[in-house]
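Structure first, then comments.
The values are calculated or read from the model by the stated rules, or taken from the named source; none is laboratory data. Values in this document were obtained by computation on a predicted structure and should not be read as measured data. Ideal geometry is used to build each Cβ from the backbone, glycine not excepted, and the neighbour counts take in all protein chains shown. Side chains included, ligands, DNA and RNA excluded: accessible areas come from the protein's heavy atoms. Shrake-Rupley method; radii C 1.70, N 1.55, O 1.52, S 1.80 Å.
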Amino acid sequence: MKEKFRTLDGVEVKGRRVIVREDFNVPLQDGEVTDDTRLAVALPTIRRLREGGAKVILISHFDRPKGKRVPSMSLKPVVAPLEKLLGAPVGFAEDCVGETARAAVAAMKGGDVLLLQNLRFHAGEEANDIGFARQLAANGDLYVDDAFSASHRAHASTEALARLLPGYAGESMRRELSALDAALGAPKRPVLGIVGGSKVSTKLDLLHNLIAKLDQLAIGGGMANTFLYAQGWDVGASYCEKDLAETARGIMAFAAARRCELLLPIDIIVAERPEPGAAARVRDLGEIDDHERILDAGPRTVTRLCEAMDAAATLIWNGPLGVFEVPPFDRGTTVAAQHAAARVKAGKLVAVGGGGDTVSALNAAKAAGDFTFVSTAGGAFLEWMEGKSLPGVEALKAAAVEQGK
């Protein structure tokens, strides 16, 4: 990808105050971080800056304090696990602006790392207030955005700040954007998409954008039931947005017009309830009793999907094929995910996945580690897949133009 934003390559950072926007909105339980994935993702940028002798000033939001100081939403619990991962001390300031922040930054030496308090303790953050952004900028010489997962929000730390200081993409941001460009921006063809999950209604923009860019699109999960119903198949007691049948038929017509082949289920796994170890039965389409539910893709459907992967050069995946949290209804997702991972390991497929349930499903299938890239960005990943502009990314691009890339 020809990058439209500046990176840290060749940038002299020794002794300079570098403000780094990270996403440390991590899960906490009893004051302890229970998943340090987002902390680990930040390490390459932090280490690169430390090695260059920069004063590394980390900023992030946490939870939704709505512009007020909420002690339970402090970023302080992040310090210890970040220190452990980094293998170096991490300072902490009880505010992100004002005298407290200024004094903490003034005491830094080259190679030091400092985490500032929750940005959202100030209403100016979510309001994208330029005054608040100026207060943040006062403590930095350079700005690095390393939080793709927060780039879909036009907040002071992701949008306004990028216009006040020389702005650069961090290592995590660069990796994410490069992977996404390889999946949809300038992909190797043929391109296959997998979209699962429960609701068609929440993925209309996504489906239309993907159909315009893909060669094939497989639809699974509960949303596939709506398409089957729209084709006249009985779906029994399955979850189904029957009021969207006409919308589903419109999507099928749009796909035909754009020459994007839709791969809908050709057989199904049914049971009375999605319970662990429930008696699951393979059925052909339409062969479902009134009290049964479609809970996974059938074996012939999964085989056809794997064959489509064999013919594809690029795969983009969002959403499971069935109720993957409840065995045995995880089988379709697991088999397909492991097949995709094997193709990637063989050097025959570029596979990019993302979205909350997708990450969980790929992890459960022990396939995530072998995908080309798995995005943990959630909302930002989905908005990117929908073809929407992301304010944080656009701000970096604009900064590159304004400040002379």
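So, of the residues in the range 270-291 that are hydrophobic (A, V, I, L, M, F, W, C), in contact with a Pro (Cβ under 8 Å, 6 or more places away or on another chain) and over 12 Å from LEU228 (Cβ atoms), which turns out to be most open to solvent (accessible area, probe 1.4 Å)? Before the answer, list the steps.
Here is the first cut: in the range 270-291, the residues hydrophobic (A, V, I, L, M, F, W, C) are 270-271, 278-280, 282, 285, 288.
Next, from what is left, pick out any that are in contact with a Pro (Cβ under 8 Å, 6 or more places away or on another chain): 278, 280, 282, 285.
Next, from what is left, pick out any that are over 12 Å from LEU228 (Cβ atoms): 278, 280, 282.
On the way: ALA278: 25, ALA280: 50, VAL282: 87 Å².
Filtering the range 270-291 for residues that are hydrophobic (A, V, I, L, M, F, W, C), in contact with a Pro (Cβ under 8 Å, 6 or more places away or on another chain) and over 12 Å from LEU228 (Cβ atoms), the one most open to solvent (accessible area, probe 1.4 Å) comes out as VAL282.
Quick test of your reading of the structure: TRP233 fulfils all but one of (1) out of contact with any Lys or Arg (no Cβ under 7 Å at 6 or more places or on another chain); (2) of a type in the set (Phe, Trp, Tyr); (3) part of a helix (DSSP H, G or I). Name the failing condition by number.
Failed condition: (3).
So how many residues does the range 84-112 have that are open to solvent by 10 Å² or more (accessible area, probe 1.4 Å) and either among the aromatic types (Phe, Trp, Tyr) or closer than 16 Å to ASN139 by Cβ (or both)?
Within the range 84-112, residues that are open to solvent by 10 Å² or more (accessible area, probe 1.4 Å) and either among the aromatic types (Phe, Trp, Tyr) or closer than 16 Å to ASN139 by Cβ (or both) number 16.
What's the total number of residues in the range 140-170 that are in contact with a Cys (Cβ under 9 Å, 6 or more places away or on another chain) and open to solvent by 10 Å² or more (accessible area, probe 1.4 Å)?
Final tally of qualifying residues: 0.
Can you tell me which residue among PHE5, PHE24 is under 29 Å from LYS188 (Cβ atoms) and part of a loop (DSSP other than H, G, I, E, B)? Talk me through it step by step, then tell me what you get.
Numbers: PHE24 fails: under 29 Å from LYS188 (Cβ atoms).
Step by step, each of PHE5, PHE24 is checked, and only PHE5 is under 29 Å from LYS188 (Cβ atoms) and part of a loop (DSSP other than H, G, I, E, B).
Working only within the range 247-304, note down all residues that are among the basic types (Lys, Arg) and either closer than 19 Å to GLY197 by Cα or assigned to a helix (DSSP H, G or I) (or both).
ARG249, ARG273, ARG293, ARG300, ARG304
Which ones in the range 312-330 are of a type in the set (Gly, Ala, Ser) and either within 15 Å of GLY355 (Cα to Cα) or touching an Asp or Glu at 6+ places or on another chain (Cβ under 9 Å) (or both)? Before you say what the answer is, go through the steps one by one.
Of all residues in the range 312-330, those of a type in the set (Gly, Ala, Ser) come to 312-313, 319, 322.
If the condition is that a residue be of a type in the set (Gly, Ala, Ser) and either within 15 Å of GLY355 (Cα to Cα) or touching an Asp or Glu at 6+ places or on another chain (Cβ under 9 Å) (or both), then ALA312, GLY319, GLY322 are the ones that fit.
Yes or no, residue by residue, for (1) of a type in the set (S, T, N, Q); (2) surrounded by 21 or more Cβ atoms within 10 Å (Cβ to Cβ):
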site	(1), (2)
LYS4	no, no
GLY10	no, no
VAL18	no, yes
ARG21	no, yes
PHE24	no, yes
GLU32	no, no
THR37	yes, no
ARG47	no, no
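For the range 183-240, which residues satisfy the criterion of being open to solvent by less than 40 Å² (accessible area, probe 1.4 Å) and farther than 27 Å from VAL282 by Cα?
Passing the criteria: ALA183, LEU184, PRO187, VAL191, LYS203, LEU206, LEU207, ASN209, LEU210, ILE211, LEU214.
Working only within the range 24-78, note down all residues that are basic (Lys, Arg), under 21 Å from the mean Cα position of the chain (by Cα) and over 30 Å from LYS14 (Cα atoms).
ARG64 - this is the single residue of the range 24-78 that is basic (Lys, Arg), under 21 Å from the mean Cα position of the chain (by Cα) and over 30 Å from LYS14 (Cα atoms).
Pick from LYS366, LYS348: which is more than 25 Å from GLU386 (Cα to Cα), touching an Asp or Glu at 6+ places or on another chain (Cβ under 9 Å) and without any contact (Cβ under 8 Å) to a residue 40 or more places away in the chain?
Every option except LYS348 fails the conditions.
Would you be able to tell me the number of residues in the range 181-221 that are aliphatic (A, V, I, L, M), more than 18 Å from the chain's Cα centre (by Cα) and part of a strand (DSSP E or B)?
Residues flagged as aliphatic (A, V, I, L, M), more than 18 Å from the chain's Cα centre (by Cα) and part of a strand (DSSP E or B) within the range 181-221 amount to 5.
Within the range 50-57, is even one residue loosely packed, with under 14 Cβ neighbours inside 10 Å and over 26 Å from LEU390 (Cα atoms)?
Yes, that holds for at least one residue.
Which residues, taken from the range 215-268, are in contact (Cβ under 8 Å) with a residue 60 or more places away in the chain and on the phi > 0 side of the Ramachandran plot?
Answer for the range 215-268, where residues must be in contact (Cβ under 8 Å) with a residue 60 or more places away in the chain and on the phi > 0 side of the Ramachandran plot: just GLY221.
Of all residues being assigned to a loop (DSSP other than H, G, I, E, B) and hydrophobic (A, V, I, L, M, F, W, C) in the range 59-83, which is most open to solvent (accessible area, probe 1.4 Å)? Just the residue, please.
So, considering only residues that are assigned to a loop (DSSP other than H, G, I, E, B) and hydrophobic (A, V, I, L, M, F, W, C), the one most open to solvent (accessible area, probe 1.4 Å) is VAL70.
Given the options LEU204, LEU165, LEU192, name the one that is touching a helix residue (DSSP H, G or I) at 6+ places or on another chain (Cβ under 9 Å), at pLDDT below 95 and among the hydrophobic types (A, V, I, L, M, F, W, C).
After ruling out the rest, the residue left standing is LEU204.
For a quick check of your reading: which helices (runs of 4 or more DSSP H) sit entirely within the range 306-385 and have at least 3 residues that are modelled with pLDDT under 95 and either buried (at least 24 other Cβ atoms within 10 Å of the Cβ) or of a type in the set (A, V, I, L, M) (or both)?
Numbers: elements: 331-345, 356-364, 379-385.
Ranges flagged: 356-364, 379-385.
Give the residue that is surrounded by the most Cβ atoms within 10 Å (Cβ to Cβ), with candidates limited to residues of the range 386-398 that are at pLDDT 90 or above and either touching a strand residue (DSSP E or B) at 6+ places or on another chain (Cβ under 9 Å) or of a type in the set (Gly, Ala, Ser) (or both).
Here the answer is GLY392.
Return a yes/no flag: does the range 251-260 have any residue that is among the β-branched types (Val, Ile, Thr) and open to solvent by less than 40 Å² (accessible area, probe 1.4 Å).
Checking the range 251-260: at least one residue is among the β-branched types (Val, Ile, Thr) and open to solvent by less than 40 Å² (accessible area, probe 1.4 Å).
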